[in-house]
Amino acid sequence: MNESKLTDLLAQVSAGTLPPDQALERLRTLPFAESGQVLADTHRMIRQGFPEAVYAEGKTLAQTTDALTALVAAHGGALATRVTSDVASSLVHCFPTGSYDSVSRLYSVGQMSASFPSAPVAVVCAGTSDLPVAEEAAQTLEFAGAKVNRITDVGVAGLHRLLARLDDLRAASIVIAIAGMEGALPSVLGGLVAAPVIAVPTSIGYGANLHGISALLSMLNSCASGLTVVNIDNGFGAAVAALRILNMPPKA
């Protein structure tokens, strides 16, 4: 159940077209829904503005299917992250209207009905090796109804490539900056734009990159004030952080 459905339910009770006991029965299943081994958090959309997503890595096919089934029933759509191609080929039989993207490893069923009047979120990645994380962020935003401007392969080793997109960057409502190696891209962007910058370190890089730890530490130690940093390879988390910002009520 989402906010509009809850409002409609209360309106029916207020108008006398729905008995209170029937409304109460519907509300009993609001906080979560049991499906197989899964307890799906169907109340999260109302609390946080974005529904629970299914983290498929480490889950069995049955667990992933059960979770998606409960969330689709509650919201009309759902998103699963870190889905392998083998699992995706099985999911399509259960959710024929779903779609799978092999780069982001996202499996989506439907889409949220929300839309955001704000300027696009710029999803910026240093190199094409970072595209899986960048697409996880971009497609999560699009699933939520947000506009996205993708800016790819603009790492600091060729700074002129980034500066050529400065107008697009400054027009963005939020910038998600994704980089591996030494993780310098978010610091540069943090000094160029006024919008919030959400930094995502990736595990891309040679040995001393330590699977993304050096990029993470570089971003945490950035001299660009106010930079927000999420976990390594966490494009989904960066997208949801951006959605929380977009969902903030306007000032009175």
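Table: residues versus (1) in contact with a Cys (Cβ under 9 Å, 6 or more places away or on another chain); (2) within 20 Å of Ile245 (Cα to Cα); (3) surrounded by 19 or more Cβ atoms within 10 Å (Cβ to Cβ); (4) in contact (Cβ under 8 Å) with a residue 12 or more places away in the chain.
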{"site": "Ala146", "(1), (2), (3), (4)": "no, yes, yes, yes"}
{"site": "Ala157", "(1), (2), (3), (4)": "no, no, no, no"}
{"site": "Arg161", "(1), (2), (3), (4)": "no, no, no, no"}
{"site": "Ala164", "(1), (2), (3), (4)": "no, no, no, no"}
{"site": "Ala171", "(1), (2), (3), (4)": "no, yes, no, yes"}
{"site": "Leu185", "(1), (2), (3), (4)": "yes, no, yes, yes"}
{"site": "Val188", "(1), (2), (3), (4)": "no, no, yes, yes"}
{"site": "Ala208", "(1), (2), (3), (4)": "no, no, no, no"}
{"site": "His211", "(1), (2), (3), (4)": "no, no, no, yes"}
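Going by the conditions given, is Ala122 of a type in the set (A, V, I, L, M) and either in a loop (DSSP other than H, G, I, E, B) or surrounded by 14 or more Cβ atoms within 10 Å (Cβ to Cβ) (or both)? Outline the logic, then answer.
On the way: of a type in the set (A, V, I, L, M): yes; either in a loop (DSSP other than H, G, I, E, B) or surrounded by 14 or more Cβ atoms within 10 Å (Cβ to Cβ) (or both): yes.
The answer is yes for Ala122.
Taking Ser129 and the conditions (1) of a type in the set (S, T, N, Q); (2) without any contact (Cβ under 8 Å) to a residue 40 or more places away in the chain; (3) in the same structural domain as Asp168 (by TED's automatic domain parsing), which numbered condition does it fall short on, given that it satisfies the others?
The one condition Ser129 does not meet is (2).
Give the residue, chosen from Asp167, Asp153, Asp130, that is at positive phi and of a type in the set (Asp, Glu). Can you show your working first?
On the way: Asp167 fails: at positive phi; Asp130 fails: at positive phi.
From the options Asp167, Asp153, Asp130, the qualifying one is Asp153.
Take His160 and decide whether it is part of a helix (DSSP H, G or I), within 30 Å of His211 (Cβ to Cβ) and not small (Gly, Ala, Ser).
In short, yes.
Do we have any residue at all in the stretch 73-96 that's surrounded by 19 or more Cβ atoms within 10 Å (Cβ to Cβ), assigned by TED's automatic domain parsing to the domain that holds Phe50, of a type in the set (A, V, I, L, M) and farther than 21 Å from Pro132 by Cβ?
Scanning the stretch 73-96 turns up at least one residue that is surrounded by 19 or more Cβ atoms within 10 Å (Cβ to Cβ), assigned by TED's automatic domain parsing to the domain that holds Phe50, of a type in the set (A, V, I, L, M) and farther than 21 Å from Pro132 by Cβ.
Which of (1) under 17 Å from Phe236 (Cβ atoms); (2) assigned by TED's automatic domain parsing to the domain that holds Pro196; (3) assigned to a strand (DSSP E or B) is the odd one out, the single condition Ile151 does not satisfy?
It fails just one condition, (1).
The values are calculated or read from the model by the stated rules, or taken from the named source; none is laboratory data. As the structure is a computational prediction, the values presented were derived from the model and not from experiment. Note that each Cβ is placed from the backbone with ideal geometry, even for glycine, and that neighbours are counted across all protein chains shown.
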